[in-house]
Amino acid sequence: KKQLEALKYYEVVEWIPFDRFNNIEVIKGEFGSVIKANWIDGSIRSWDDKNNKWSRIFSNEAYCLRIISDISNISDISEIENQYKVRNTDARNLINYIAICGITKNPENHNYMVVMGYQDVCDQCLWPPTEKKWCNSCNSKRFQDEFKNWTSGNEIIDKYIQEKQLTALNRDDAIEWISFDTFKDVCLIEGEFGTALRANLIVNFEIDDDDVDEEWAELMGEWIETQSRLPNFREDRKNLIKVYGITKDPEKHDFMIVTEYNEKKICYKCLLPNTGEYWCNKCNSKYFQNEFEKWTSDNELIDEFIQKKQLEAINTKEFIEWIHFDKLQDVEQIGQGGFGTAFKATWIDGYIWRWNHENNEWKRTSEFEVCLKRLDKSHTVSREFLREVETQLNAQRYGNTIPIYGITKDPEHDDYMIVMDYAKVGSLRKMLNEQYSALIMTDIYNAWITDFGLCKPVTSDREKDIYGVLPYIAPEAWSSAATFRFNG
């Protein structure tokens, strides 16, 4: 049944003769024992058409054999799956994925056994941990045994901590009651929206003892979970702010959440979680806004566009700035196209990557080479052009696109220029022309994309106009094109 229904290789279950196992050893735990053995063949991966047989993976690797307690009461494989339900079954992460590979039988004691993927098991229950070195089943019991050894003095807080400990699937999910006398070198940090104490950890979110109620417990829970909802932290748990527990200031009688102190993750100004690495949208948008009157592009559309991106940016990849042309040195023409000219230059300031709280100014990289793309007749700029710039800017968050740093203006030709990263190696065509004979197809090369539709006059606001390189224009576009301009 399982073989006929299997949609993926890790859903296949097979009969495995016991003599296909070697290096058999019994592992004993507090609540029972399992057999660890090497499966000579390994589990099925796919069908090998050339050799007309199954190809297999993890041959001679360790597998776990678990005795089926009462085979007489099991009518089909689904009951076996329920009996041996594995908690860590995220198939997207096959490193931690443990599936039932098959069933075997010990010829000596006639016990049927389920064959499962093996990884380090908990030394007490002999089941795979819910995460590496963390077993929810056993650790929840250990936490429960210690409930009598501590109290916050507040029933709601005690209940909240206990619930987090009993349901923790990994060490980051668990919090604890932390006695205030365990902190050393405590000092006060004053932020724009509150205060915090800094010790070896940062302690924040001060709440008066009298204010602790169900509503506060819900608020605290929301704050603890906030970091998982931040757009740039959703997929990368290492960037989450670690919450260690709750403590109480014995002098002020304030309860406080204890978190790690890391300027990459926590804003030094407002003491709230950053929206990006070293980037707080709440504070940085104000710093940008305070500088709006200090610059202008002399074009209302461009000013509004730059300001909008600066106010919305949640990290360093989502904004651009107005760059004065006198900040660009050693300008040198490197190419020309149908609607613009490309230059190489040195940007002496470098781009913004964080706010310097000590000097109260933007912290920038050192000077580096950039590419300037001058757009012909761009003293008037269309909204369509800015939409194309925004498309490339939005694509930067996913990588492998040439970063755009800002917009400047050529004072000699009165044309606007896009300031982009300079690709020192050159174009893919240039590399293929110069190095084709030396290239090995198995080599890995980093390719960067640029020009998201910017191959037309910057003044054009007509979406039906067709521009491009002839060999790459879609055939269906020719049927609606009435006139053509060829640029040699």
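Residue check: is residue 81 surrounded by 11 or more Cβ atoms within 10 Å (Cβ to Cβ), at pLDDT below 90 and either touching an Asp or Glu at 6+ places or on another chain (Cβ under 7 Å) or of a type outside the set (Phe, Trp, Tyr) (or both)? Outline the logic, then answer.
Values: surrounded by 11 or more Cβ atoms within 10 Å (Cβ to Cβ): yes; at pLDDT below 90: yes; either touching an Asp or Glu at 6+ places or on another chain (Cβ under 7 Å) or of a type outside the set (Phe, Trp, Tyr) (or both): yes.
In short, yes.
Is there a residue being within 32 Å of the chain's Cα centre (by Cα), buried (at least 17 other Cβ atoms within 10 Å of the Cβ) and modelled with pLDDT of 60 or more anywhere in the stretch 421-442?
Within the stretch 421-442 (the criterion being within 32 Å of the chain's Cα centre (by Cα), buried (at least 17 other Cβ atoms within 10 Å of the Cβ) and modelled with pLDDT of 60 or more), the answer is yes, since at least one residue qualifies.
Any chance the stretch 348-370 includes a residue that's in contact with a helix residue (DSSP H, G or I) (Cβ under 8 Å, 6 or more places away or on another chain) and within 17 Å of residue 301 (Cα to Cα)? Show your work before the answer.
Narrowing the stretch 348-370 to residues in contact with a helix residue (DSSP H, G or I) (Cβ under 8 Å, 6 or more places away or on another chain): 348-349, 355, 362.
Next, from what is left, pick out any that are within 17 Å of residue 301 (Cα to Cα): none.
No: the stretch 348-370 contains no residue that is in contact with a helix residue (DSSP H, G or I) (Cβ under 8 Å, 6 or more places away or on another chain) and within 17 Å of residue 301 (Cα to Cα).
Please work out which residue is surrounded by the most Cβ atoms within 10 Å (Cβ to Cβ), limiting yourself to the stretch 272-326 and to residues that are in a loop (DSSP other than H, G, I, E, B) and over 28 Å from the mean Cα position of the chain (by Cα).
Step one: of the stretch 272-326, the residues in a loop (DSSP other than H, G, I, E, B) are 272, 274-275, 277-278, 280, 291, 295-299, 313-320, 323-324.
Now narrow it down to the ones that are over 28 Å from the mean Cα position of the chain (by Cα): 291, 295-299, 323-324.
On the way: 291: 13, 295: 13, 296: 12, 297: 19, 298: 11, 299: 16, 323: 22, 324: 13.
Looking at the filtered set, the residue picked out is 323.
Quick one: count up the residues across the stretch 142-157 that are surrounded by 13 or more Cβ atoms within 10 Å (Cβ to Cβ) and more than 12 Å from residue 177 (Cβ to Cβ).
So the answer is 1.
I'm checking my understanding of the structure. Among residues of the stretch 375-385 that are surrounded by 21 or more Cβ atoms within 10 Å (Cβ to Cβ) and outside any loop (DSSP other than H, G, I, E, B), which one is modelled with the highest pLDDT?
Narrowing the stretch 375-385 to residues surrounded by 21 or more Cβ atoms within 10 Å (Cβ to Cβ): 375, 378, 381, 385.
Keeping just the survivors that are outside any loop (DSSP other than H, G, I, E, B) gives 375, 385.
Details: 375: 78, 385: 71.
Within the stretch 375-385, the match that is modelled with the highest pLDDT is 375.
Check the stretch 130-141 and report whether any residue there is modelled with pLDDT under 65, surrounded by 15 or more Cβ atoms within 10 Å (Cβ to Cβ) and within 37 Å of the chain's Cα centre (by Cα).
Taking the stretch 130-141 and keeping what is modelled with pLDDT under 65, we get none.
No; the residues of the stretch 130-141 include none that is modelled with pLDDT under 65, surrounded by 15 or more Cβ atoms within 10 Å (Cβ to Cβ) and within 37 Å of the chain's Cα centre (by Cα).
Residue-by-condition table, conditions (1) in contact with a helix residue (DSSP H, G or I) (Cβ under 7 Å, 6 or more places away or on another chain); (2) outside the structural domain of residue 366 (by TED's automatic domain parsing); (3) aliphatic (A, V, I, L, M); (4) touching a residue at least 24 places away in the same chain (Cβ under 8 Å):
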position: 400; (1), (2), (3), (4): no, no, no, yes
position: 407; (1), (2), (3), (4): yes, no, yes, yes
position: 412; (1), (2), (3), (4): no, no, no, no
position: 419; (1), (2), (3), (4): no, no, yes, yes
position: 423; (1), (2), (3), (4): no, no, yes, yes
position: 428; (1), (2), (3), (4): no, no, yes, no
position: 434; (1), (2), (3), (4): no, no, no, no
position: 438; (1), (2), (3), (4): no, no, yes, no
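Please list, ordered by first then second residue, the pairs with beta carbon atoms under 8 Å, 6 or more apart or interchain, first in the stretch 19-41 and without any contact (Cβ under 8 Å) to a residue 12 or more places away in the chain, second among the β-branched types (Val, Ile, Thr).
These pairs meet every condition: 26/34; 26/35.
Quick check on my filter: what residues within the stretch 321-359 are hydroxyl-bearing (Ser, Thr, Tyr) and within 30 Å of residue 266 (Cα to Cα)? Step through it out loud before you land on a result.
If we filter the stretch 321-359 for residues that are hydroxyl-bearing (Ser, Thr, Tyr), which is where we start, we get 341, 346, 351.
Residue satisfying the conditions is 351 alone.
The values are calculated or read from the model by the stated rules, or taken from the named source; none is laboratory data. Because the structure is predicted, anything quoted here is derived from the model rather than measured. Because the Cβ atoms are built from the backbone with ideal geometry, glycine has one as well, and the counts that use them run over all protein chains shown.
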